[in-house]
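Q: Take a look at this one; I'll ask things after.
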Amino acid sequence: SSVAQRFRDPAQRSKASMEVGSFPTSAHPAHWLVVIVVLLMNVSVLLWLNHRKAKAGIITRHTWAAKRVAYWAYMILASALVCYLDLKFEVTEAVFCVRTYLLVFPLGLIDFYFAECRRVDLKVIAGSGLWCLTMYLRVCIVRQLVGPGKIAILSDFSTASLLKEALRYVVVLIFVGIFGDLIFSPAHRLAHHRRVYAYQHKVHHEYTNNLTALVLYHGSMFDDFLMPLTVAIGAVIFAILVHWSGLDGTLGTSNLTEMLMLFNTLFAHAHDVRCANLMFPLPAFLNFSAYHVVHHLNPDKNFGLTLPSDIIWDKLLGVKTAIDPAAFEAEMKEKRLGAAPTLLENRAKHREAEKY
């Protein structure tokens, strides 16, 4: 088709800035090379970090400023690589999803390097693959319900285009977050039911206080599929609403937005709650990382990723599980359990070691 042909030809694609085209039927070898190299790198670095932390016995301290530079440097580098590859070489839906998840994974490795967590099991590689599968299913479902190629390829890197991309990301973050969390919260509550918890979700809660971003992918196989599926359903709902509004080219997702969304999701279990605000400044009750770490400290609280969705489901179910992270911190201090600094200030001993 003319649309597909336009996106196979880089010269024509430059004239079709932010247009939505159909995915081709085969991927260029350049994408496969990136997939293989990055997969091997992810496995090797994870093994090295586990060995280093087991052998060292101590955790190297870094200032928040240094961490922030490392996070941003990688996110910019990975995003630029994705934009370049998609602009120059054709890619299929499946390879697009796999490559995107593989390039997001190193951000978790960076967070693990900074974290006090001593070990992350290799099963997180498989877990990220299951998360990737839900992304592919979402892309396929949107193709069937709405039409092909609803992920725009960024080809204009002017200031105006990048500002438009920033707006796109904020809108997608808010609405996919709302729709996804309204489904995630009840599904997560069911995962904590006493009849199923020990067989599935308990694996994820092997990590409590010393979290790191890769814990997101640490769970049973069913758990690593079900939890991201709820967010994928939220994204499908958003895509349908955007299509009905006729704003596919403006508010639909793009290759860059997909990267930013996955970076933000990975920060939900980051070792430092300030990481989530790197992607978008939010108060603690809307900050995925600050809000969700409460759940790992007290599994009977905060089943969703934000306070509003938990309040809604608490009202519907006649229970009270939602708590603002700030209120939880005050409660922990009052009980002198010593875990509160982890919630909003990382850890007390970091206060002297880091410059804010």
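The values are calculated or read from the model by the stated rules, or taken from the named source; none is laboratory data. If you're wondering where the values come from, they're calculated on a predicted model, not measured in any experiment. We place every Cβ from the backbone using ideal geometry, glycine too, and count neighbours over all the protein chains shown. We work out accessible area using only protein heavy atoms, side chains counted, and drop any ligands, DNA or RNA first. Shrake-Rupley method; radii C 1.70, N 1.55, O 1.52, S 1.80 Å.
Q: Please find, among SER155, SER128, the residue that is within 18 Å of LEU260 (Cα to Cα), polar (S, T, N, Q), open to solvent by 10 Å² or more (accessible area, probe 1.4 Å) and over 21 Å from the mean Cα position of the chain (by Cα).
A: Unique residue meeting the criteria: SER155.
Q: Looking at LEU137, is it more than 18 Å from PHE263 (Cα to Cα) and hydrophobic (A, V, I, L, M, F, W, C)?
A: Spelling it out, LEU137 is indeed more than 18 Å from PHE263 (Cα to Cα) and hydrophobic (A, V, I, L, M, F, W, C).
Q: Of all residues being in contact (Cβ under 8 Å) with a residue 60 or more places away in the chain and open to solvent by 20 Å² or more (accessible area, probe 1.4 Å) in the range 210-232, which is farthest from SER289 (Cα to Cα)? Just the residue, please.
A: MET221
Q: Output the helices (runs of 4 or more DSSP H) that fall wholly within the range 240-279 and possess 1 or more residues being crowded, with 22+ Cβ neighbours inside 10 Å, or say none.
A: On the way: elements: 248-251, 255-266, 276-279.
Result: 255-266, 276-279.
Q: Do we find a residue being assigned to a helix (DSSP H, G or I) and under 13 Å from the mean Cα position of the chain (by Cα) anywhere in the range 297-313?
A: no
Q: Would you mind stating whether SER185 is hydroxyl-bearing (Ser, Thr, Tyr), over 14 Å from the mean Cα position of the chain (by Cα) and closer than 21 Å to ALA276 by Cα?
A: Answer is yes for this residue.
Q: Take the conditions farther than 30 Å from HIS62 by Cα, in contact (Cβ under 8 Å) with a residue 60 or more places away in the chain and in contact with a helix residue (DSSP H, G or I) (Cβ under 7 Å, 6 or more places away or on another chain) and apply them to LEU122. Does it pass?
A: Against the criterion (farther than 30 Å from HIS62 by Cα, in contact (Cβ under 8 Å) with a residue 60 or more places away in the chain and in contact with a helix residue (DSSP H, G or I) (Cβ under 7 Å, 6 or more places away or on another chain)), LEU122 does not qualify.
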